Amino acid sequence: MNTTILHKSVLGIAGLAFAGGIAAGPLHHATTDTGTGTGDARPVAATQADKTAGVDAGKLIPHGVQGAQSRIDLDAEQTTNAKAIIAATKKTGLDERAAVISIGTALQESKLQNLGHLGDRNDHDSLGLFQQRPSSGWGTPEQITDPEYATTAFLKGLKQVDGWQDMPLTDAAQTVQVSAYPDAYAQWEQQAADLVAQHWNNS
């Protein structure tokens, strides 16, 4: 994958039903969410991490959450996609924190729905959990809509970010995705951490 592709403009998408965005290419992205989220934007007091044996709670949210947190109810397909992201993260040899960043990013981009082409609501050819674009070097449509491939591609970009392990989630995600709303990822950190805590040992 060519990780030197530059995304030279931030592209909007009118009427996108999901508060996701448009992945322009590896390490480059635009999104349309204003950061308000479509879920129930309420603070979540505590992570489930300390209730889940075998998960290092300190790795999930090392800096605490930033701002009000959003939370959505997930159906079986969305939960399966979260588990696929965790499995792909483990397969690459990365830890729970990388899975939290990945799931938080996918919650923002697609609400953990493996989106196909949305017709007029699509920005160009954005697809999949991370709204990656084939035309910008992320892979073929078939690859990008494969959760394992899409997650691995995202993580490849993340690993190129110096110090990502010590960044707040929204900063790490934004460096890979290059969103028009760089703080929007922060709202999903608690739910992402809860999902990793719940599924890390069975994914």
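Every number here is computed from the coordinates shown, using simple stated rules; none is lab data. Remember, it's a predicted structure, so these values are computed and weren't measured experimentally. Here Cβ is always computed from backbone atoms with ideal geometry, including for glycine, and neighbour counts include all displayed protein chains.
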Counting every Cα pair in segment 142-203, what percent are over 18 Å apart?
47 percent
³J(HN,Hα) across segment 168-175 via Karplus (A = 6.51, B = -1.76, C = 1.60, θ = phi - 60°), whole Hz, x for Gly/Pro?
x, 3, 5, 6, 5, 4, 5, 5
Rounded to the nearest 20 debye, dipole of segment 80-203 from Cβ charges on Lys, Arg, Asp, Glu:
260 debye
Restricting to Cα pairs below 8 Å that are 6+ residues apart, what does the relative contact order work out to for segment 118-203? Please round to a whole percent.
15 percent
Lys and Arg at +1, Asp and Glu at -1: add these up for the other residues within a Cβ distance under 15 Å of G93 and post the number.
+3
Solution diffusion estimate, µm²/s, Stokes-Einstein, segment 69-158, Kirkwood Rh from C-alpha pairs, 20 °C, viscosity 1.002 mPa s
165 µm²/s
Give the long-range amide H neighbours of Y181: residues separated by 5 or more places, or on another chain, with amide H under 5 Å away, using H modelled in the peptide plane at 1.01 Å from N.
T31
To the nearest 20 debye, what is the magnitude of the charge dipole of segment 134-203 about its Cα centre, counting +1 on the Cβ of each Lys and Arg and -1 on the Cβ of each Asp and Glu?
140 debye
Would you pull out the residues with amide H under 5 Å of L112's amide H, same chain only if 5 or more places away, H placed 1.01 Å from N?
L107
